[in-house]
Amino acid sequence: MSVRVRFAPSPTGMLHVGALRDALFKSLFARHWGGQNILRIEDTDRTRYSPESEQEFIDTLKWVGIEFDEGPHIGGPNAPYRQSERKEAGIYAEWIVVLLGKGHAYKAFDTPEQLEEMREIQMINKRPSGYFGGIWRDGSPEQVAAAEAEGKPFVIRQRIPRDTAIVIEDAIRGRVEWDSNTVDDPVLIKADGMPTYHFASMVDDHVMEITHIIRGEEWLSSAPKHACLFDSFGWDRPIFVHCPVIVGTDGKKLSKRHGATRVLDYAARGFLKQALKNFIALIGWSPGDDREAMTEQELIEAFDIKGIQPSPGKFDYEKLKWLNGCAIRALDPEQLLQEIADYLARPYTTEYFEQLEPEPGSPNPKDVLRTLLLLRTTIETDRAYALEAIKLEQQRVQTLADFGEACEFFFVDLPPMDQKAVDKWFKDPVTASLFAYLLEECSSAYLSESGPEVYDASLRAFQAAYGLEKLGPVVHPTRVALTGKTTGPGLFELMSVLGPARIAARVERAKGLLK
RNA sequence: GGCCCGGUCGUCUAGCGGUUUAGGACAUCGCCCUUUCACGGCGAAGAUCGCGGGUUCGAGUCCCGUCCGGGCUACCA
């Protein structure tokens, strides 16, 4: 039998990195075994469901390149794939009748107040809290009929067997056992007729022939209920795989406090989908050897449940950046340029920086946005020039967003000058001669189509002519004059890309700044 | 309160009773490369494997206890 897994999110907000990890593991697992990956929307809680959120889930999944073989957006043999629609189709009603008939479920007419009081008493008595009986679990048919005749609202609960052990064999944690007397009777059908997760999900997993229930460890405590439900129906249990979760640096569940958790924000910050997936896969999973930077194909080939760690992992932003830098360097320049163009074409990229609050220690979002828009314009108007600039910066950035700031000096007429750099490098008397020399060189025809080696030779000729011991006094003032900064690509390479006209204009301006 | 899960360098991890002076990676520091910043290369520092008992000739690896952390304990998922 082929492997079948499902990503079954409840679209109640943004798609965060924890959900992405969940989806990624399943996708990798399905691809590894040549099985099917199914998308199912769990929207049985109508008060929390939002269609915008569902759209965000689909958009995000599309961006990261996690694909499904069946789902609400593409259909499939098990349609519909939204639980609200499956409810309308009568799927859950049909199965609850079966369960009721077998005596594994029962109607309970307790009021919320009664349940609340029950739990309080249980806590005080140091007993497991939850619904273990009351009058309805063992209510007589007459009592039930009477309550129904009165029109009292009711829920349908699962009848968990008592005085026995419930054992599951988890693929990551091994054998886990519960005393069934500590497992309460969960609600299967709510008073409004909607199924709960416990019921809808398990019924769907069976109907859709899911072979592995891969989910976060927060579900482990409900696993005995789910296992019992399969047993009650007489269905084969799928393999349970309870994955560790991703937590924030404080060890708590990832939330807004830990910085960005929305996957689309990572896209907007200029992370490559392959780097993000690579990084996310490495939290809680390892190929078993020392490999870290891996391609999609390598991840699929290496992915295995045996490599999943039982303990939760923290999200290390620094390592993500490193991996992203590796991914950028792995691209050939043409691909990279296309990647950048796509990145800049996405509306959310600009939107993100527009609404981002400035933070001390990181570049001002306004500046990032400005330089990014400049890069976009240049790619549109002078693609070849933009490509040359990007080639030179490819080795020194970590995110796509970094290209804006890094390439800025290539694209503006006169780059903004770093005053400290000017103060440091424009005071040597020889600098005036250097600038004069550069202007003269630029007016010579031979420089117009020159490569880096020609600029190299030209500057070294100046060094020799003035008997300078080191190249520094030549290189540094020139760099500041041309880029406004003390850091950046190799000077000769950058000069070759700028060309004599731009060089001349910048040197001319720099002359005016000399001490 | 109850039930369950987890615990190896700051972080992600390798380890599946002996080849371990516990390996790799990120971050940190140093050196090299070099016109700068990066990239790359080399190296340093960093974990008595939460703690305490066992089992064993031998334990990070098995068992028990304990502590700490987390999850669940909804007519949420």
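Which of the chymotrypsin sites (Phe, Trp or Tyr not before Pro) found in region A:184-227 are in a DSSP loop and have at most 16 neighbouring Cβ atoms, other than their own, within 10 Å? Loop-located and lightly packed - none at all.
Helix A:472-483 and the long axis of chain A differ in direction by around 60°, with both axes built from C-alpha atoms. Take the alpha carbon gyration tensor of region A:279-364, find the square roots of its eigenvalues, order them as a ≥ b ≥ c, and report rounded if a/c is under 1.5; if not, report prolate when a/b exceeds b/c, else oblate. Oblate, because a/c is 1.5 or more while a/b does not exceed b/c. Based on Cα contacts under 8 Å between residues 6+ apart, chain A shows a relative contact order of 11 percent.
Rg and Dmax of chain A, both derived from C-alpha coordinates alone, stand at 31.7, 111 Å. Given R0 = 30 Å, the distance between the Cβ atoms of A:ARG162 and A:THR12 translates into a calculated FRET efficiency of 0.30. Straight-distance candidates among the aspartates and glutamates for linking to A:LYS366, with alpha-carbon spacing under 14 Å and chain neighbours fewer than 8 residues away dropped: A:GLU351, A:GLU354, A:GLU357, A:ASP402, A:GLU405, A:GLU408. Computing FRET efficiency as 1/(1 + (r/R0)^6) for A:LYS515 and A:ARG396, where r is the C-beta to C-beta distance and R0 is 35 Å, gives about 0.70. By the gyration tensor of its Cα atoms, with a ≥ b ≥ c the square roots of the eigenvalues, what is the shape of region A:1-97: rounded for a/c under 1.5, prolate for a/b over b/c, or oblate? Oblate is the answer for region A:1-97, as a/c is 1.5 or above yet b/c matches or exceeds a/b. Taking a ≥ b ≥ c as the square roots of the eigenvalues of the alpha carbon gyration tensor, region A:161-235 is oblate, as a/c is not under 1.5 and a/b does not beat b/c.
Taking a sphere under 12 Å around the Cβ of A:PRO489 and counting the other residues whose Cβ falls inside, with K and R at +1 and D and E at -1, yields a net charge of +1.
Charge dipole of region A:78-183 (Cα centre as origin; +1 on each Lys and Arg Cβ, -1 on each Asp and Glu Cβ, all else neutral): 280 debye, rounded to the nearest 20. Using C-alpha pairs under 8 Å with a sequence gap of at least 6, the mean separation divided by the residue count of region A:16-76 gives a relative contact order of 43 percent.
Take every Cα pair under 8 Å whose residues are at least 6 apart in sequence, average their separation, divide by the length of region A:210-332, and the relative contact order is 28 percent. Per-residue ellipticity at 222 nm computed for chain A from its helices equals -15500 deg cm²/dmol, with DSSP H segments shorter than 4 residues left out and the rest contributing -39,500 (n - 2.57). Each residue, A:ARG329 and A:ALA345, gets one label point 7 Å from its Cα in the Cβ direction; the gap between the two is 2.9 nm.
Residue order for A:TYR446, A:TYR437, fewest other beta carbons within 10 angstrom first, comes to A:TYR446, A:TYR437. In this simple spin-label approximation, A:GLU148 and A:ALA464 carry label points 7 Å from Cα along the Cα→Cβ vector, and these lie 10.4 nm apart. Peptides A:503-512, A:348-357 ranked from most to least packed, by the mean per-residue count of other Cβ atoms within 10 Å: A:503-512, A:348-357.
Over 30 Å between Cα atoms, which of A:LYS107/A:LYS253; A:LYS252/A:LYS306; A:LYS252/A:LYS321; A:LYS225/A:LYS321; A:LYS62/A:LYS253 qualify? Violating the 30 Å limit, Cα to Cα: A:LYS107/A:LYS253; A:LYS225/A:LYS321. Of the residues A:PRO473, A:GLN114, A:LEU299, the one whose Cα sits farthest towards the positive end of the charge dipole of chain A is A:PRO473 (charges of +1 on Lys and Arg Cβ, -1 on Asp and Glu Cβ, taken about the Cα centre). Calculate how steeply helix A:17-32 sits against the longest principal axis of the alpha-carbon atoms of chain A, using the helix alpha-carbon long axis, and give the answer as 0 to 90 degrees to the nearest 10. Tilt of helix A:17-32: around 80 degrees.
Counting neighbouring Cβ atoms within 10 Å and putting the fewest first, the residues A:ASP304, A:ASP332 line up as A:ASP332, A:ASP304. The charge dipole of region A:138-289, taken about the Cα centre with unit charges on the Cβ atoms of Lys, Arg (+1) and Asp, Glu (-1), comes to about 1020 debye, rounded to the nearest 20.
Here the dipole of chain A is about 900 debye; that uses its Cα centre as origin and unit charges on the Cβ of Lys and Arg (positive) and Asp and Glu (negative).
Listed cross-link partners A:LYS277/A:LYS391; A:LYS152/A:LYS190; A:LYS87/A:LYS190 are compared with a 21 Å cut-off, the Cα-Cα value being larger for A:LYS277/A:LYS391. Ordered by the count of other Cβ atoms within 10 Å of each Cβ, fewest first, A:PHE154, A:PHE403, A:PHE240 give A:PHE154, A:PHE240, A:PHE403. Placing dummy labels 7 Å off each Cα toward the beta-carbon, the span from A:GLU296 to A:ASP69 is 1.8 nm. Note on A:SER221 and A:ASP45: with the Förster distance fixed at 25 Å, the Cβ-Cβ geometry gives a FRET efficiency of about 0.85. The Cβ shell under 13 Å around A:HIS476 holds other residues with a net charge of +3, Lys and Arg each +1, Asp and Glu each -1.
No value in this document is a laboratory result; all are computed from the given coordinates. Keep in mind the model is a prediction, meaning the values are calculated, not measured. No Cβ is skipped: glycine too gets one built from the backbone with ideal geometry, and neighbour counts run over all protein chains shown.
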